[in-house]
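Every number in this text was worked out from the coordinates using simple rules, so none of it is lab data. Model, not experiment: these values are computed from the prediction. Note that each Cβ is placed from the backbone with ideal geometry, even for glycine, and that neighbours are counted across all protein chains shown.
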């Protein structure tokens, strides 16, 4: 598949049905749509090929022709349906059958819908099979006679077995461009914000202007917006298919630009949880996002890093918050587009990344910005010689030569070619979610109230409309019974206005404000309100009004709901409160079942915002209970459970060593008392922390990575290092463990076990001793490598190869230190144009996830010390380093049990031998099997299994070699492994996965295996592929006996399994050792399919559940010797010798940008993370799948001897997909 997309022949004069037919003939198996199988995206996607799609289009076209007959006149075919592929099939089928799909918005009024149907002369209506017609459809069909037909279910139009489509005859579409240019492609309609909705016909000529954008020449260094929408890119649009942007993305742009479009889940309204899940389960290159969702992303620091793997977000359909959009733009570039339903995107250009909020337009677009008042311009367009290709509006309005968009703009103060939207001259209120509300009728009706002198609807760019009211008597008191009675009478008129509006309930009771005394509305001589001048007068007041509606506590709202006191510890009390709140917004909730889907009862994105704020206000969960919590479980029952859980977490007062915001109770204390409390918390945070059972899992060693960060132009090494120092000082205040030391425990401690260690933290500065905090942490060192290693730009060009230079240049950190030792050991290595941070943390202190969280805190702290006051690390849970959390939750979750009752096979998931087996060996019992097993980990005999509780199927663990040396001994021959990196391109990655899927289909056992363990992930496939290649390089199948095993051991993060109450930012160790093993002869045999190996990897992952994790935690408490030499693992037992075992780590989904930018004017965003491989290559065999590359490829890293590298390069199976980098 090509990278990038050349301008196609006849660009701007192509008909999409013919483009699709040609694609199906040339690349029949190419995937053009992927459909989510369910709302649980882990269930995967159904992939639709070009051949299957065009066959389904033809099938639908024949159906239309049989039902409607043949006519020379294009007929409108109306449709409202779910967000699935049927609407797209119907669009193209209509074109082939000489019809045009008319797609009504389900949010339209009956009057508006009838007006559109009448104006479009639409007398045919299509209902989707399996769906109950909406009330809107029932209403207008009662008033307008229409030919009604049914569109079959998707599985009938596009069966899973694509062979069933072979019998479908092609439906010819042979029109020439010249004959079809003015034919209707499809019909949409205006929003009705300025009156009844009107149809908008998109012609093929208008669609051709989208195709032609690629022919626009560069203007002042700025490329046309279509640059970067490359052939093969994956697109996901959050717009519904009833919206012009939804049709444009999923129906028009996808086939024109050769994109792979992802749809669904069909019954889930796009929200942050869905975006996060999509980023986890499928590669999305381009996101087309509604403005309000872009804004929400700006407040989701846990989701944003996932999107950094994408190319960009295309934001359109309304204004995006500059502040929130800028936060998004730090992680993934934002392409801010503006267009119209009548002209689509005209002349938009890519601007510099920092200018994302501004628009630039190509001069061929014919735009003129006419000043209407100082600093404010109205946008016009004038027909020119480029109209056919680049002025889509004139395909819609063919009889005009100039057009006033009535859109207002302001000009950039220093870049005159850039413009920012500033509303509309016709005063339509455009909310941040794209809803457009005409205020005139509502304002007129409310002004009819005898006490009201005038009012203005407000809310442009906000998520919710508001109303600013000026009373005739400005001296009326705003509190008391009289004021409440007046407000209620005004509210009655507002409710009436709501009932008459296009968008029902567009105004909410708590979004009504009154003008300030002494600040009357500005009016003309005729007493007409001067809207723009009054809005400017009240700009600060309106902003403060909206801020107050976003506060955590809203006493007026709480009082109005009658819920001043809620016992959030009680499920019943909380359930009653949640139902009361939701029913006050949507009355249907009152009598609905607790598990009823709230969206089916009437909630939409506007009301979710309202409900979330209300629930957060009365439960004191402001900033904690968020819209994403609502979307994650849109039922009364689920929301209640979430509120109870979040409230319980909030009540927790245990301090773990992180900076805590003062609680409400502390804020209400005497100031001196509050200071005492704060200092007590800081002192508690610095208490020495004894490590828990899982903290001792990793052994006395450092784990290290190298982070590659470009420097901004003109920044000196000293400037950058100073910011790193200051940021680290702050990071150590937030996470005190970073400043600590790992020390052995005293033998005299109660409960002491051999090998126990703790983390000792430095004391607070002492007035008596005259000590003060250091601004130069000893844990951070400076080194200038600019004369020793290549420049940053050269390293970027070579792909930041691990083997480019030895790690000893970057760090002096010992791999296996003597205790005591620092928790943190960092060296900032500066090269021309960049910095390479060698970041090492002691494995006892943090696991891999904890290390990355610590690095993220440091990055955010660097931004804070450079002036970014939002970089407070408030996302870090206050219990993130409370090492007692695991023990507490272990006792509460219900799986705790005596170790004697745990299935001994669970020892197979730990790096220790079963102590019971060791004791029996020492006692020289007669059981030979038991004696033999005593020297190995997890070799369980029948007597043990019989006395254990067998609650699930666990495999018999493999035999493991004993660990004879700690630290691991060097090779006997004195040789050292070299880091070797291979890359699999995105195209070959797809081919690899496809080859495994074909092997699965050919395997007679595959169906039963898939049912047991589920479908394979890309990670399973890569793990199998890499495992086999690595072992083949060391061992030959024919030289191995059936008993010779290869074992890979993968430290597995078990935070998701341990407890739903465990903070997601928990930083201490929380892992088990997941093992997969296979005989070498079978693993390396060419007769063994990769599918079979991948299935073993998949099965191993599916064994991990909450009970297994808690059973492992039970067993860890029985370990009497925590010395590193007491570990028993395959990779440590084998060491660095020529064995078949390996430690395995999959970092594929981690990105350098997940760390977050170090920010300011000093650093640009991190670009790469690499493992410090040299010390590993002297200790044991390890395999790494590195983070996915920006081009969609994946790199594989391992240590090899020269003959092993040669063997891998000569492995045909491996090298047909992989390429050696160095």
How much of the DSSP beta bridge set in segment 16-424 is antiparallel, as a percent to the nearest 5? 50 percent
Length-normalised contact order of the chain, Cα under 8 Å, at least 6 apart, in percent, tallies to 8 percent
Report the calculated FRET efficiency for residue 797 and residue 383 (r = Cβ-Cβ distance, R0 = 51 Å), to the nearest 0.05. 0.60
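Report, for the chain, the % of DSSP beta bridges that are antiparallel, rounded to 5.
65 percent
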0 to 90° range, to nearest 10: angle between helix 85-96 axis and the chain longest Cα axis: 50 degrees
Could you give the distance between the Cα centres of segment 267-329 and segment 150-229, to the whole Å? 25 Å
Can you give me the relative contact order of segment 439-548 as a percent, contacts being Cα pairs under 8 Å and 6 or more apart? 25 percent
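Rounded, prolate or oblate: which fits segment 439-548 when a ≥ b ≥ c are the square roots of the eigenvalues of the alpha-carbon gyration tensor, with rounded for a/c under 1.5 and prolate only if a/b beats b/c? Can you show the working numbers first?
Working: a/c = 1.21, a/b = 1.04, b/c = 1.16.
Rounded, because the longest to shortest axis ratio a/c is under 1.5.
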Nearest 10 degrees, 0 to 90: what angle lies between the long axis of helix 539-548 and the longest principal axis of the chain (Cα atoms)? 50 degrees
The distance between the Cα centres of segment 842-906 and segment 342-359, in whole Å, is 42 Å
Neighbouring Cβ atoms within 10 Å as the yardstick, rank 805, 79 fewest first. 805, 79
Taking the chain and counting helices only, DSSP H stretches of n ≥ 4 at -39,500 (n - 2.57) each over all residues, the nearest-500 ellipticity at 222 nm comes to -9500 deg cm²/dmol
Once each part is reduced to its C-alpha centroid, what is the distance from segment 384-422 to segment 700-746 in angstrom? 50 Å
Antiparallel as a % of all DSSP beta bridges within segment 439-548, to the nearest 5? 65 percent
